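Report on the following structure.
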Amino acid sequence: MSADYQMQLAPQTLDNADAKAKPLLEQANAKLGFVPNMYEGMAKAPGVLSTYLHGYELFREDSGFAPPEQEVVFLTVSRLNGCGYCMSAHSMLADKMSQVPADVLEAIRNDQPIPDERLAALAEFTRVMFETRGKPGEADVKAFLDAGFEEQQVLQIVLALAVKTLSNYANHVNHPELDEAFAGHAWQG
């Protein structure tokens, strides 16, 4: 088995970014107070970072999922993709900002049953969408809807999968170092 590929192209930083990447990094810096290493790697292809940021914002603002539910979706996809960076970052967000119950966060991080029926149903439907490549069965959708979610949110899961595929896969080839902001929630699959 060969070692994982690591891109040799230098990260795009506030100091060296090209005209397409620089405004995206400046926007992130203004919003977050720093530029995550993941963004510097994604900015090597500015369209990747731009699409990620736009889709992420739309999911956060318009998905109809509460912040803890959003985090469950992002954490579930990131765990399934084996992305340590995103698992760490979203674990920090889940803990410090989105009010995900600690036992739920630990269950997701450790691939254990989630001790909250609604959040467990959400994680399960997200897993089904991931594993079936967006082809859930009638029973899968019924279980999702029966847990109190709306049919339109099936498509919101598609958006979250697209956003996390961009970040998880970019991280797989970029191998960004975990930012200090997320270090307290480091995760390895």
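The values are calculated or read from the model by the stated rules, or taken from the named source; none is laboratory data. Keep in mind that what you see is a predicted model, and the values were worked out from it rather than measured. Neighbour counts run over all protein chains shown; Cβ positions are idealised from the backbone, glycine included. Accessible surface areas use protein heavy atoms only, side chains included; no ligands, DNA or RNA. Shrake-Rupley method; radii C 1.70, N 1.55, O 1.52, S 1.80 Å.
Within the stretch 14-27, work out how many residues are open to solvent by 60 Å² or more (accessible area, probe 1.4 Å) and hydrophobic (A, V, I, L, M, F, W, C).
Step one: of the stretch 14-27, the residues open to solvent by 60 Å² or more (accessible area, probe 1.4 Å) are 15-16, 18-20, 22-23, 26-27.
Adding the requirement that they be hydrophobic (A, V, I, L, M, F, W, C) leaves 19.
Looking only at that region, the number is 1.
Would it be correct to say that F149 is of a type in the set (F, W, Y) and either in a loop (DSSP other than H, G, I, E, B) or buried (at least 21 other Cβ atoms within 10 Å of the Cβ) (or both)? Full working, then the answer.
Working: of a type in the set (F, W, Y): yes; either in a loop (DSSP other than H, G, I, E, B) or buried (at least 21 other Cβ atoms within 10 Å of the Cβ) (or both): yes.
Answer is yes for this residue.
Looking at (1) in a helix (DSSP H, G or I); (2) without any contact (Cβ under 8 Å) to a residue 40 or more places away in the chain; (3) crowded, with 19+ Cβ neighbours inside 10 Å, can you tell me which one V35 breaks?
Checking V35 against (1) in a helix (DSSP H, G or I); (2) without any contact (Cβ under 8 Å) to a residue 40 or more places away in the chain; (3) crowded, with 19+ Cβ neighbours inside 10 Å, the one that fails is (1).
For the stretch 106-113, does any single residue satisfy the condition of being touching a helix residue (DSSP H, G or I) at 6+ places or on another chain (Cβ under 8 Å), over 18 Å from P36 (Cβ atoms) and open to solvent by less than 10 Å² (accessible area, probe 1.4 Å)?
Of all residues in the stretch 106-113, those touching a helix residue (DSSP H, G or I) at 6+ places or on another chain (Cβ under 8 Å) come to 108-109, 111-113.
When the remaining residues are screened for being over 18 Å from P36 (Cβ atoms), the result is 108-109, 111-113.
From what is left, the residues that are open to solvent by less than 10 Å² (accessible area, probe 1.4 Å) are 108.
Yes: the stretch 106-113 contains one or more residues that are touching a helix residue (DSSP H, G or I) at 6+ places or on another chain (Cβ under 8 Å), over 18 Å from P36 (Cβ atoms) and open to solvent by less than 10 Å² (accessible area, probe 1.4 Å).
Residue check: is A30 part of a helix (DSSP H, G or I) and open to solvent by 70 Å² or more (accessible area, probe 1.4 Å)? Talk me through it step by step, then tell me what you get.
On the way: part of a helix (DSSP H, G or I): yes; open to solvent by 70 Å² or more (accessible area, probe 1.4 Å): yes.
Yes.
For a quick check of your reading of the model, give me the residue pairs whose first member lies in the stretch 58-75 and is under 13 Å from F149 (Cα atoms) and outside any helix (DSSP H, G or I), whose second is among the aliphatic types (A, V, I, L, M) and open to solvent by less than 10 Å² (accessible area, probe 1.4 Å), with beta-carbon atoms closer than 8 Å and at least 6 apart or on different chains.
S63/A160; F65/V73; F65/L122
Taking the stretch 58-78, which residues are open to solvent by 40 Å² or more (accessible area, probe 1.4 Å) and more than 12 Å from the chain's Cα centre (by Cα)? Spell out how you get there, then give the answer.
So in the stretch 58-78, the residues open to solvent by 40 Å² or more (accessible area, probe 1.4 Å) come out as 58, 60-62, 64, 66-67.
The answer is L58, E61, D62, G64, A66, P67.
Return the total of residues in the stretch 82-122 being in contact (Cβ under 8 Å) with a residue 12 or more places away in the chain, assigned to a helix (DSSP H, G or I) and not hydrophobic (A, V, I, L, M, F, W, C).
Residues in the stretch 82-122 being in contact (Cβ under 8 Å) with a residue 12 or more places away in the chain, assigned to a helix (DSSP H, G or I) and not hydrophobic (A, V, I, L, M, F, W, C): 10 in total.
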